[in-house]
1. Tabulate in residue order the Karplus-calculated ³J(HN,Hα) for segment 201-208, using 6.51 cos²θ - 1.76 cosθ + 1.60 with θ = phi - 60°, rounded to whole Hz; enter x for Gly and Pro.
2. By the scheme Lys and Arg +1, Asp and Glu -1, what is the net charge of all other residues having a beta-carbon under 12 Å from that of Glu113?
3. Which whole-number percent is the relative contact order of segment 22-156 (Cα, under 8 Å, 6+ apart)?
4. Using +1 at the Cβ of each Lys and Arg and -1 at the Cβ of each Asp and Glu in the chain, identify which of Gln119, Ile155, His106 lies farthest towards the dipole's positive end.
5. Could you work out how far the C-alpha centroid of segment 94-114 sits from that of segment 50-81, in angstrom?
6. Under 20 Å Cα to Cα from Lys75, which lysines show up? Leave out anything in the same chain fewer than 8 places away.
7. Do you know the relative contact order of the chain, to the nearest whole percent, from alpha carbon pairs under 8 angstrom that are 6+ apart?
8. So for Asp192, Asp109, fewest C-beta neighbours within 10 Å to most, what's the order?
Amino acid sequence: MNQDQTIQPINTKAIIVGMVLLFIALQLGFHPTYIKHFPAFKPFTWLHHVHGALMASWIILLVVQPILIHKGKYKVHRFMGKLSYLIAPLMIVSMYLILRFTYHKHVMDVSPEAEISNQGPIIMQLFGFTVLYALGVIYRKHTFYHLRFMIGTAILMIIPILGRIFFEYFGATVWYDLYLSVGIAFFLTINDARKKQDWRPYAIVTAVLCSILLVYFIRNTEAWLAVGRFVVHTFY
């Protein structure tokens, strides 16, 4: 993919609506498991608070950036984009630390293999966010590609948010959020192809999300457990 700076039409209003809906879903999803514990937050550590603040900051950034574009505030948009160079790496570190913390907490009650299996899709979400954000930075001067990779990180945010909504409000034990996220990315890929636009960025987003879904299906197999043991022994 060539890094030209061709400006293509962007439906900023649709993006703004999508990001605002994502922010509202964030409040609904994390209310039963986190927000309702305000102000004491007794079950949680400082690590959870930092992680939550960074996740919220990222979603707020995703909401604000298209609004700035829509209003022509390009200098502020670029400044906010540079803030992502701080927020995104800290998010990645916080996700890793949460995974490590959760593993050591849960292995006191379940076998290491069971927790490695449980963490499979979440480890892949961390990997997926890293890949999509890195691509967004690489193509930061190519508006068309950059926008789609950043939207890809927003679609990734759907997984933990809707996962909590489906489980806490409807008692779902299947990760429907994974299917939904893949479906959204696939629809966006087909939509770009239908409009005769470059469909490859969203295809990459779809592939990343499919890799998470794949690990969800194979999380109990020896193939994944071997990968998981390597991750645990190397990084935990």
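1. These are the phi-based 3J(HN,Hα) values: x, 5, 5, 5, 4, 4, 5, 4 Hz.
2. Values: positive: Arg219, Arg229; negative: Glu115, Glu222.
Local net charge: 0.
3. Numbers: 69 pairs, mean separation 27.1, N = 135.
Computed over segment 22-156, the figure is 20 percent.
4. Among Gln119, Ile155, His106, the one farthest towards the positive end of the dipole of the chain is Ile155.
5. Their Cα centres are 32 Å away from one another.
6. Lys13, Lys141
7. Details: 202 pairs, mean separation 55.7, N = 236.
Over the chain, the number comes to 24 percent.
8. Values: Asp192 18, Asp109 8.
Ascending number of Cβ neighbours within 10 Å: Asp109, Asp192.
Every number in this text was worked out from the coordinates using simple rules, so none of it is lab data. Source: prediction; values computed, not measured. Here Cβ is always computed from backbone atoms with ideal geometry, including for glycine, and neighbour counts include all displayed protein chains.
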